[in-house]
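S.K.: Quick one: this structure, given as structure tokens, is what I'll be asking you about.
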Amino acid sequence: MLWPHKDLLCISQLTAAEILYVFQVARRFAEINTRPVKKVPTLKGKSVILFFVEPSTRTKTSFDIAGKRLSADTYSLAASSSSLRKGENLKDSALTLQAMHPDALVLRHHQSGASEFLARRLSCSVINAGDGWHAHPTQALLDGFTLSEVWGDDMAGKTVLIVGDIAHSRVARSDVLLFTALGARVRICAPRTLLPAGVRQWPVEVFSDLTEACNGVDAVVCLRLQLERQKAGLLPDLREYARTYGLGARHLSKANPGVLVMHPGPMNRGVEIDAALADAENSLILDQVSAGVATRMALLFLFLTRKDATDQGDARGDQVESPQPQSPSLQED
Amino acid sequence: MPGPDLIVRNVLWQDELVSLWIEQGVVQRLAPPDEPCSEGEQLHGGGALLLPGLIDAHVHLREPGFEYKEDIASGLEAAARGGFSAVLAMANTRPVNDSAAVTSFMRDRAAEAHPFGPRLHPVGALTKGLAGQELAPLAELAEAGCVAFSNDGLPVASPDLFRRAMEYASDLGLVVIDHCEDPVLAEGASMNEGRISGLLGLKGQPVVAESMQVARDILLAEYLDLPIHLAHISCRQSVELIRWAKARGVRVSAETCPHYLLWTEEMVQGYNTLAKVNPPLRTDDDVLALRQAVREGVIDILVTDHAPHADHEKEVPMDEAPNGISGLDTALSLSWKLVREGVLSPQDLCALWSARPGALFSLPVNRFQHGDPADFILFNPDLEWTVTPETLRSKGKNTPCLGQTLPGRVVAHGITGKILFHDVDAS
């Protein structure tokens, strides 16, 4: 497949074939992560700026490791150490970074649409590492990849439940788009105060009763509950939330055999998920973290090598071919 | 009987070719187009539509305090080109227009920059500093020349204070204009609450944030038997409440803007900050309701809510962007789109943009009858223009119309018989 996209902003921009192609590439890169020497020269000479205006640990580390394992140079920049703190606006900060000629900018921002805003203004690739409540496409891709490792790529006939704060969750929005694109049925479950406007028009079934929602599902994605939701008046208190929407074994008794449990992290054990469930055999929570590195390696590869094709005036326009199975670029450095 | 100072020849008034005879700043009469007269200056209209000078009862001219967005000179220049002979300028300047000094400053600046008009009529703050805590000195403001009072932009949350403001303003014979928005329900919103806000992950403003305040104001107006004017109405629910109130005889009047009659929340897709406005653009159903309300007179007048901003202020992520669309340059062309779509007649336009706002705010209006102020525009509806930063006279280039081709141009503008401009080539 040829990779046609300059930026990764939202799952809605990807076709099902493109999503599966990312999985295919990720699968090949996952193998590198198991080698004694986990580094290949694939992206040597490429530079990636990790611009995390909103704090992040796991996503930033995951991108950082992914870039370094492909020999790209990665540079981390946080809002606290950038000119944003001195009052510079996002556009000027990003244009300043672009003037240093990175090949990609990975952006985490607390405002929805921030990645799209920059993508329209920058010539380098912009990869959305989470923007406000809007989208977290790389998380959705790694979630999908994690499940595809168990189920295979065809998710038709599978039912995935997402439970928790859907209204303020970029993970939920992206997961819904991805799982439905791959043919799965998606359910969401939350108190009405944590459901987004217009959710009845989403391609999902909506539940408010967790036990009912778990009936016949094949996987459950628990979302982190931000503790400030209580202060905002959306919840009475965390104890009540945990009692009503905290996933426990009693809920899963109605799920399909082999039901899988996922969480994008960081977890509040005992709030949105029972502590024992998080560590149980059917929990994929740590697999998601591993898959995150492989998926992000795949994405960096696809977006950064795409640029080579255009730079070289490739006759195919702005598209680039995928790595071949015997690609020398995957050999250890 | 003295002869005319100015004859505007060959213009179309209510489907008839006429000439407008003007004497000492007022209309003398409408005459047959070729009626000979050797006196006065002659202006050839070339068959353009003759319309009264428009009144925009809701603009933000930003001076004093935010001259980089707009100043009184540039705002009135945009008004003149847009066909407006008078504008009512809101009080959210810096300092706020809550004292006679600021009111006088605004009027002086207008007279200095545009001695022959358009006229600037300040709207005084309803509360000191627009803080919603204490009444502003309304009598002082009225004496200095304010024609109405409003906390526009920062609605008064306290029903008690708002009641007292209506009562106090009534003694001065001036109307209160309310920006209907429940500040708690609307807090932090970037767009309409609904399907698209849910998908974009933006905090939305529910329609009840507006309609609850509309209901409050209507009930207060009925209880007090006092007039209230409701600003920039945006949704069906508010329209239905206003229709109900009018049927009960409540002294309520209301305005909406061309953008609420033409565009929906779809305009915000792609995080388009140029379409970020308060109240937000709503849905197709709201547009339908507003169009019907305007036709029926449930909505009394059109206004621009002209809200100019600097480019860099809109070139930010959605949540950070200020609300507002720059509207003076484009309002008449957008209104003409509604005429073309059969929503309004040219007579409706005259009523919505001139006669009714004049009546509401006690301003002189030209009905082309003997003695009326000779405020008029010549409008060529066949002339199309493309909206670019260069074609806008306002400093604010923040309009979703950028790049669009719009119908109709004002080709001449006269205020009290003095010609502000006449584009001979365009007419």
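The values are calculated or read from the model by the stated rules, or taken from the named source; none is laboratory data. If you're wondering where the values come from, they're calculated on a predicted model, not measured in any experiment. Every residue, glycine as well, gets a Cβ built from its backbone with ideal geometry; the counts of neighbours run over all protein chains shown. Protein only, heavy atoms only, side chains kept; ligands, DNA and RNA dropped before computing areas. Shrake-Rupley method; radii C 1.70, N 1.55, O 1.52, S 1.80 Å.
S.K.: Could you please find all residues in the stretch B:287-313 being surrounded by fewer than 24 Cβ atoms within 10 Å (Cβ to Cβ), outside any helix (DSSP H, G or I) and within 14 Å of another protein chain (Cβ to nearest Cβ)?
M.R.: Correct list: B:310 only.
S.K.: Additional query: Of all the residues that make up the stretch B:314-343, how many are outside any loop (DSSP other than H, G, I, E, B), under 21 Å from residue B:279 (Cα atoms) and open to solvent by 50 Å² or more (accessible area, probe 1.4 Å)?
M.R.: The qualifying residues number 2.
S.K.: Scan the stretch A:216-228 and tell me whether some residue there is basic (Lys, Arg) and farther than 29 Å from residue A:183 by Cβ.
M.R.: no
S.K.: Report yes if some residue within the stretch B:213-233 is of a type in the set (S, T, N, Q), surrounded by 21 or more Cβ atoms within 10 Å (Cβ to Cβ) and in a helix (DSSP H, G or I); otherwise report no.
M.R.: Yes: one or more hits.
S.K.: Report, ordered by the first and then the second residue, all pairs with beta carbons closer than 6 Å, sequence separation of six or more or different chains, a first member in the stretch B:177-193 that is over 19 Å from residue B:272 (Cβ atoms), and a second member that is open to solvent by 30 Å² or more (accessible area, probe 1.4 Å).
M.R.: Going by the 6 Å Cβ cut-off, the qualifying pairs are B:182/B:212; B:183/B:157.
S.K.: Let me ask another. Taking the condition of being away from chain B (no Cβ under 13 Å) and buried (at least 24 other Cβ atoms within 10 Å of the Cβ), how many residues in the stretch A:128-148 meet it?
M.R.: 11
S.K.: Restricting the search to the stretch A:117-138, which residues are of a type outside the set (Gly, Ala, Ser) and out of contact with any Cys (no Cβ under 8 Å at 6 or more places or on another chain)?
M.R.: A:117, A:118, A:120, A:121, A:122, A:124, A:126, A:127, A:131, A:133, A:136, A:138
S.K.: Residues that are open to solvent by less than 60 Å² (accessible area, probe 1.4 Å) and out of contact with any Leu (no Cβ under 6 Å at 6 or more places or on another chain): find the helices (runs of 4 or more DSSP H) completely inside the stretch A:213-308 holding 2 or more of those.
M.R.: A:238-245, A:275-279
S.K.: Any residue in the stretch B:107-115 that is of a type in the set (A, V, I, L, M), touching a residue at least 40 places away in the same chain (Cβ under 8 Å) and within 25 Å of residue B:411 (Cβ to Cβ)?
M.R.: Scanning the stretch B:107-115 turns up at least one residue that is of a type in the set (A, V, I, L, M), touching a residue at least 40 places away in the same chain (Cβ under 8 Å) and within 25 Å of residue B:411 (Cβ to Cβ).
S.K.: Now for a different question. Would you check which residues across the stretch A:170-194 are open to solvent by 30 Å² or more (accessible area, probe 1.4 Å) and assigned to a loop (DSSP other than H, G, I, E, B) and list them?
M.R.: A:183
S.K.: So which of B:268, B:250, B:287 ends up being in contact with a helix residue (DSSP H, G or I) (Cβ under 6 Å, 6 or more places away or on another chain) and more than 23 Å from residue B:396 (Cβ to Cβ)?
M.R.: B:250
S.K.: In the stretch A:111-126, which residues are more than 8 Å from chain B (Cβ to nearest Cβ), closer than 13 Å to residue B:316 by Cβ and open to solvent by 10 Å² or more (accessible area, probe 1.4 Å)?
M.R.: A:120, A:121
S.K.: Which one is nearest to the chain's Cα centre (by Cα) among residues in the stretch A:198-212 that are within 14 Å of another protein chain (Cβ to nearest Cβ) and open to solvent by 30 Å² or more (accessible area, probe 1.4 Å)?
M.R.: Per the criteria, the residue is A:203.
S.K.: Also: Provide a single number: the residues in the stretch B:237-276 that are within 22 Å of residue B:323 (Cα to Cα), among the β-branched types (Val, Ile, Thr) and open to solvent by 10 Å² or more (accessible area, probe 1.4 Å).
M.R.: Count: 2.
S.K.: In addition: May I ask you to list the residues in the stretch A:44-91 that are free of Cβ contacts under 8 Å to residues at least 60 places away in the same chain, more than 25 Å from residue A:33 (Cβ to Cβ) and among the hydrophobic types (A, V, I, L, M, F, W, C)?
M.R.: A:77, A:78, A:79, A:84, A:90
S.K.: Within the stretch B:139-170, track down each residue that is of a type in the set (Asp, Glu) and surrounded by fewer than 18 Cβ atoms within 10 Å (Cβ to Cβ).
M.R.: Answer for the stretch B:139-170, where residues must be of a type in the set (Asp, Glu) and surrounded by fewer than 18 Cβ atoms within 10 Å (Cβ to Cβ): B:140, B:143, B:160, B:167.
S.K.: Is it true that residue A:91 is more than 16 Å from the chain's Cα centre (by Cα), within 11 Å of another protein chain (Cβ to nearest Cβ) and more than 16 Å from residue A:8 (Cα to Cα)?
M.R.: Yes.
S.K.: So which residues in the stretch B:182-212 are assigned to a helix (DSSP H, G or I), within 14 Å of chain A (Cβ to nearest Cβ) and within 25 Å of the chain's Cα centre (by Cα)?
M.R.: B:207, B:208, B:209
S.K.: Give B:346, B:357, B:364 a once-over and let me know the one that is touching a residue at least 12 places away in the same chain (Cβ under 8 Å) and surrounded by fewer than 24 Cβ atoms within 10 Å (Cβ to Cβ).
M.R.: After ruling out the rest, the residue left standing is B:346.
S.K.: From the residues in the stretch B:314-334 that are among the hydrophobic types (A, V, I, L, M, F, W, C) and more than 27 Å from residue B:346 (Cα to Cα), which one is farthest from the other protein chains (Cβ to nearest Cβ)?
M.R.: B:321
S.K.: Here's another thing I want to ask about it. I need the full set of residues from the stretch A:163-187 which are over 16 Å from residue A:133 (Cα atoms) and within 14 Å of chain B (Cβ to nearest Cβ), in order please.
M.R.: Answer for the stretch A:163-187, where residues must be over 16 Å from residue A:133 (Cα atoms) and within 14 Å of chain B (Cβ to nearest Cβ): just A:180.
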